[in-house]
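As structure tokens, the structure follows; a few thoughts come after it.
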Amino acid sequence: MLDVGYCMELAFREAIKAYEKKEVPVGAVVLDPNGSIIGRGHNQVEELCDATAHAEMIALTSAMATIGSKYLDGCTLAVTLEPCPMCAGAIVLAKVSRVVFGAWDPKMGASGTVLNITNCKSLNHQPEVYGGIMEHKAESLLKDFFQGLRRGS
């Protein structure tokens, strides 16, 4: 398996892009089985006026376009926040092999917190999921962002 710390560092680079654009700082990357980045994304919900423009969705779409397949067998998705139900559903449909994420999401998490779509045995695919990787760093970035919003900066 790929080095999860390396995967998360790549995802954090994407999260910083979102932060700089005043988007909720979530970043994601998709790596192929050899560890090459084939997709990347950061939240662009505000910028695109699109509730579906989550980091994971953008990274998955980019990866599928890169390899020319709707399936991401053998690939790893690294994301700074636990996927929501929409993103978890897309992960299952794309047959991503493994998901690595930072902070748990107590409001919308769908990989073990509120729901567990990525481990639902009724669905046709269940990726390996590793949560809480570099959790403190991910939480700190999100807390800093939301504190800034409350301060009006």
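None of the figures in this text is laboratory data; all of them are computed from the coordinates on show. Please read these numbers as outputs of a predicted model, since none were measured by experiment. With ideal geometry, Cβ positions are generated from the backbone for all residues, glycine too; neighbour counts draw on all protein chains shown.
Quick check on residue 40: is it part of a strand (DSSP E or B) and within 23 Å of residue 16 (Cβ to Cβ)?
Working: part of a strand (DSSP E or B): yes; within 23 Å of residue 16 (Cβ to Cβ): yes.
For residue 40, the condition - part of a strand (DSSP E or B) and within 23 Å of residue 16 (Cβ to Cβ) - is met.
A quick yes/no check of all residues on (1) of a type in the set (Phe, Trp, Tyr); (2) part of a strand (DSSP E or B); (3) surrounded by fewer than 24 Cβ atoms within 10 Å (Cβ to Cβ); (4) touching a residue at least 24 places away in the same chain (Cβ under 8 Å):
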residue: 30; (1), (2), (3), (4): no, yes, no, yes
residue: 62; (1), (2), (3), (4): no, no, yes, yes
residue: 80; (1), (2), (3), (4): no, yes, no, yes
residue: 96; (1), (2), (3), (4): no, no, no, yes
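Among the residues of region 64-78 satisfying the criterion of being surrounded by 21 or more Cβ atoms within 10 Å (Cβ to Cβ) and over 21 Å from residue 143 (Cβ atoms), which is nearest to the chain's Cα centre (by Cα)?
Within region 64-78, the subset surrounded by 21 or more Cβ atoms within 10 Å (Cβ to Cβ) is 72, 75-78.
Those left that are additionally over 21 Å from residue 143 (Cβ atoms): 72, 75-77.
On the way: 72: 14, 75: 13, 76: 10, 77: 7 Å.
It comes out as 77.
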